[in-house]
Amino acid sequence: MRTAEDVDTAVRHGADAVGFVFADSPRQVSAETARDLVRRVPDHVVTVGVFRNQDVTAVRDCARTAGLGAIQLHGDEGPEQYAALRSETRTLIRSLAFPAQQPLRHGEFGEDLVLVDAPVPGSGRAWDWDTAGFAPPSGRWLLAGGLTPDNVAEAVRVLTPWGVDVSSGVESRRGVKSPALIEAFIKAAAALGRVLAGPARPARLPRPPEAAAR
Ligand SMILES: O=C(O)c1ccccc1NCC(=O)[C@H](O)[C@H](O)COP(=O)(O)O
């Protein structure tokens with residue numbers, strides 16, 4: 001998200017989380033811009049910072065300046081980086097690309113959630129959901145990679161992730177979100193989520209500590 005309109009649209013239509021890209025990307029925002037956007041977000045919606053192969057100190061500074069509720073790492077970050085950021089956030093999200101060399105495992109680096117994404121994050125390209133080799137990680141996991149308002153219901157039906165993450169599929173052009181597509185995506189995902197998950201599914205991502213303390 002890069003604009004107030006996009007954030008407000010996602011919140012109004014019931015997003016559980018909104019994301020801000022700090023990695024090298026046409027979607028990149030500064031920590032100061034993100035801080036202004038984060039201030040618009042109510043406590044029950046988690047604000048996620050997206051990083052890739054960035055210095056831990058820079059990630060930490062950015063998370064503090066922007067007031068992020070969650071940190072999502074998309075690169076080759078190893079256990080040391082996860083450990084260094086563990087105390088910085090309530091929710092650490094580890095992105096794993098599929099197809100993968102190793103089985104997809106949850107919690108190896110102390111992360112709270114695994115995001116299963118396509119090999120090139122933010123590319124809008126889907127991975128092959130029907131592939132025989134796909135075994136979902138245990139526990140809560142998020143699905144990403146080429147999702148759109150038209151395919152998210154089918155993806156959730158086939159793979160039953162705990163949550164979904166989208167970027168390109170709600171854009172009119174690269175880096176420019178479309179409020180109409182944001183609305184359509186959330187409606188399509190939420191409708192099926194309610195049917196599949198039933199009452200046992202936690203309604204929300206873990207809340208950031210400062211919100212939980214209130
Ligand atoms: O979005 C980017 O440009 C980006 C750049 C570098 C690292 C991660 C990036 N995005 C990560 C995301 O969380 C995307 O939402 C996810 O990869 C799905 O993207 P898309 O296939 O475009 O829906």
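Structure data summary
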item	result
Neighbour-count ranking [beta-carbon atoms within 10 angstrom, fewest first] of K187, K177	K187, K177
Cut-off of 10 Å, at most 15 other beta carbons, DSSP loop: longest stretch of the chain lacking such GluC sites (Glu not before Pro)	109-214
Computed Rg/Rh of the chain, alpha carbon atoms with Kirkwood Rh	0.92
Ellipticity estimate at 222 nm from DSSP helix runs (n ≥ 4, -39,500 (n - 2.57)) divided over the chain, nearest 500	-9000 deg cm²/dmol
Span-like helix ranges in the chain, DSSP H, alpha carbon extent 18 angstrom or more, Kyte mean at least 1.0	179-197
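Bear in mind that the values in this text are calculations on the coordinates, not laboratory data. Given the structure is predicted, the values throughout are model-derived calculations rather than measurements. Please note: Cβ atoms are built from the backbone with ideal geometry, for glycine as well, and neighbour counts cover all protein chains shown.
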